[in-house]
Structure formats: structure tokens, C-alpha cells
Amino acid sequence: MLNIGGIELHLINDGFVMVDGGGAFGLVPRVLWERVIEPDELNRVPMSLLCLLLRAEGKNILVDTGIGNRLNEKQRRIWGISRPQGGLLDGLARIGLAPEDVDIVINTHLHSDHCGGNTCYDADGRVIPTFPNAEYWVQRLEYADACFPNERTRATYIADNFRPLEATGQLRLIDGDVQVVKGVRCVVTRGHTRAHQSVIIGSDGEYALLVADMASYAANFERLAWLTAYDVEPLVNLETKRNWQRWAQEHDALLIFEHDTQRPTGKLRGHGKGMKVEPVEVPWT
């Protein structure tokens, strides 16, 4: 657990997956990125599926829901998923929360490794919201892009991850930067998708930024040119990172990286090519 002023944060991991290094680092040559993270014999690198539980203003707010529990055997094999400490629901249980206790779910975007846990199967095999009392916050443009994917995006925009929320009336579409509760704010960080959003936590002069897929790894945040192959607007993402590098240093903000297995949390130090995310030890729930 971590406190940012009066706001309580819990880092909960939905598990680990293995993804192709070329996807994670795009045009960056392997000879460079393998100095940061070592690939396996299939050129895959590990990613965590970190989610964030916030307790603020009497609300339990969950940011992202991981890959979820609806994967079939073939999908689990493709993702190489492992859960040595269980998944998201196990982590919530460790802090005494049941799915019914979650008030708000914020989806940074609707790629399946960030919102797969939005829904689950009921006893009859129907897809239903995992968090029955929660309002799910999604950027309106992100929802539109997810509902009408193209040839490139349709493999990761899976309707069962988000369409049932509309049917139950639990979906809240937001437009641009919005305050969730006092001290918690969604901010659009365009580039990975057209309406990707990150989350700022600020209280009593302390700040944290859930980076989400603005930068998958700390190394992607340090180096502006290190963009993933998944970014739909790579040059926009480069400028987005430049702006948030500046903000992170001005606010001495704790940075939270959802996919980084080595430096999931840290603070940005240095200047120019000398920028470095220095690790800050924060225990996972």
C-alpha cells in the first residue's frame, strides 16, 4: 500500500504475459532494447498486468482490469499468461474487497490486456460485468474506436470486454480531462490510441501518475523515440511523452508503469538524453 497525501493506493497485478519484443519496442533495434530487458528464445519479453485500486472520498476506484478470466486455452497459450499470486480478484480480496465493493472502474483504453477483466461469465455462461455496482468510465472517442475497429485494431478490441456495460447501464462515456473525485483526475494522453487516458493522483502536495500505455516500460518513458508497434499515432505519442516528462519532473511525481516487471514505479530524474526513471520501491498488494 502507498499513500499519496490522503489517497490510498494499492498496486494489484492481474498476472504476467509474454509478448513479442518487436511489438513492445517497435523500430528500436533488438541490440539496443535487449540491454534493458532480456528476451526469451522466442523473442518474447515479459509484461505485468498491473491494476490500481484507489481509495478516495469514500470511493473504491479501480483503474484498469487486466486481461481477465475469459481466455480459452489457446489464448492463454498465446499470451503465455502466469499468475503466481492469483489475478485481480484475488488481489482485491487480500485487501478485503469483493467485486460488489468497487464503485468506479476507469479504463485507460479498451485494449484487451487492460479491460479484459471488465466482464466475466455467470453460472449460465453469459458475459456480465465483473463489478456489478460499478460505473465504468471510458473516453467517448475510445469507445467509438473500439466499437468500430479496423483491420489493425480488431484483434484487441473485443466487444465482450465493453459492450455488456452499455447493456446494463453501467457505462459512462467521458469527453477529455475530467475529475473523478477530489484528488483523482483522468487526463487524455493521446498517441497509443486516439483517446488513451492516464490517471493523475494528487493530494497534499504529493503526486502520482498512472502512465498506462503512454509508455509500456520505464525505458519507453525515458526515451522519447522508443515507441511501441502498437501505438496508432506514434509521433503524437512522442510529443505526449515529452509533455508528461516535463510534468513528472515539475511535480516530483511517482510514475506507475502497468507493464514494467523491473521498474513498475519510479521518479524521473536528469535531463535530455540523461533522463532516467529511478526506481521507488512500492509493495504490490
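Between L173 and K276, what length comes free when the chain is fully extended (0.36 nm per residue of separation minus the Cα-Cα distance, one decimal in nm)? Present the calculation step by step, with values, prior to reporting the outcome.
On the way: separation 103, 0.36 × 103 = 37.08 nm, distance 3.54 nm.
The span from L173 to K276 would gain 33.5 nm if fully extended.
Restrict the search to segment 133-182; then list the GluC sites (Glu not before Pro) that DSSP places in a loop and that have at most 15 other Cβ atoms within 10 Å of their Cβ. Mind showing how you got there, number by number?
Details: sites: E135, E142, E151, E166; in loops: E151.
Qualifying residues, ordered by number: E151.
Efficiency by 1/(1 + (r/R0)^6): what FRET value for K59 and A225, r their Cβ-Cβ distance, R0 = 41 Å, to the nearest 0.05? Walk me through the numbers on the way to the answer.
Working: r = 39 Å, r/R0 = 0.94.
Result of the calculation: an efficiency of 0.60.
The charge dipole of the chain, taken about its Cα centre with unit charges on the Cβ atoms of Lys, Arg (+1), Asp and Glu (-1) only, comes to about 560 debye. Ranked by the mean number of other Cβ atoms within 10 Å of their residues, highest first, the peptides 229-242, 251-264 come out as 251-264, 229-242.
Of all DSSP bridge pairs formed entirely within segment 2-279, close to 75 percent run antiparallel.
Only counting other Cβ atoms within 10 Å, I'd like F131, F162 sorted with the fewest neighbours first.
Working: F131 27, F162 23.
In increasing order of surrounding Cβ atoms, one gets F162, F131.
Once the mean of 1/r is taken over each pair of separate Cα atoms and inverted, segment 1-62 shows a Kirkwood hydrodynamic radius of 13.9 Å. Peptides 45-55, 79-89 ranked from most to least packed, by the mean per-residue count of other Cβ atoms within 10 Å: 45-55, 79-89. When every Cα-Cα distance of the chain is counted in 5 angstrom steps from zero, the calculated P(r) takes the values 1, 6, 13, 18, 21, 19, 13, 7, 2, 1, 0, 0 percent.
Placing a pseudo-label 7 Å from each Cα along the Cα-to-Cβ vector at R246 and R77 gives an inter-label distance of 5.0 nm.
In nm, what is the difference between 0.36 nm times the number of residues separating D160 and E135 and their Cα-Cα distance?
Extra length available between D160 and E135 comes to 7.3 nm.
The packing ranking of peptides 207-214, 22-29, highest mean first, is 207-214, 22-29, where packing means the average number of other beta carbon atoms within 10 angstrom of each residue. Taking segment 2-279 as the region of interest, the number of lysine pairs whose Cα atoms are within less than 24 Å, with members eight or more places apart or on different chains, is 6.
What GluC sites (Glu not before Pro) does segment 1-61 have in DSSP loop regions with at most 13 other beta carbons within 10 Å?
Details: sites: E8, E34, E41, E57; in loops: E34, E41, E57.
Here the GluC sites (Glu not before Pro) that fit, given the DSSP loop and packing criteria, are E41.
Just so you know, all these numbers are worked out from the coordinates, no wet-lab data involved. Predicted model, so just to flag it, every value in this text is computed and none were measured. In this analysis, Cβ positions are derived from the backbone assuming ideal geometry, glycine residues included, and neighbour counts consider all displayed protein chains.
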